[in-house]
Amino acid sequence: MTEPSNAAAQDAVLNMTIHITRKATGLTETHELVSGPVPVEDAIALGATPEQPEEA
Amino acid sequence: MAGTTTHPAAIRNAFADLITSTCSTTGRLVFRITGSTATSPSTPVATLTLSNPIGAGAAAGVLTLSAISSDTNAAGGVIAFATLQTAAGTIACHTTVGTSGDAININSGGLTVTAGDTVACSALTYTACP
């Protein structure tokens, strides 16, 4: 019997500072962006296997 | 027993540098609308041109991108994803993005970009998995 892994996923992280200058007003906004968790679709595309429900 | 998997700096640097080599000579930072996947990226909101190469070699697993050229005539949309890729569309990195909440803007339009707006990026780092 194997013990299920409960290790947390450890993702790469993208951090960026972006600036949006509104054409209508000329005003510039600054936003600090950070990447979120990897979407399930991406993880599957990269070879991950979705967790299966445990058998009764 | 569950545990934590980590990698030495040399491995993390190699992984981060693979982003640089994959972007090759025509790197782009593309912001995209919702519904994007790595194999089927969604509609671009803004496309920014990266330096060639996109950055110097990674250190301590962190790739810091060199100067990024603005998109002075964005297509528009709500930013939900971002890709680091070649101009031809080969994706090196695909990620969701959200605001970290530490920017202060009065009457902000958030991450909604109107067609014709200018989108710039003054700093970008890619940190490889631990």
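Run the numbers for B:THR72 and B:ALA88: contour at 0.36 nm per residue of separation, minus the present Cα-Cα distance, in nm.
3.8 nm
Could you work out how far helix B:9-23 tilts from the main Cα principal axis of chain B, as a 0 to 90 degree angle to the nearest 10?
40
Give, in whole angstrom and from largest to smallest, the semi-axes √(5λ) of the equivalent ellipsoid of segment B:8-130, with λ running over the eigenvalues of the Cα gyration tensor.
25, 16, 14
None of the figures in this text is laboratory data; all of them are computed from the coordinates on show. Owing to the predicted nature of the structure, the values given are computational and were not obtained by experimental measurement.
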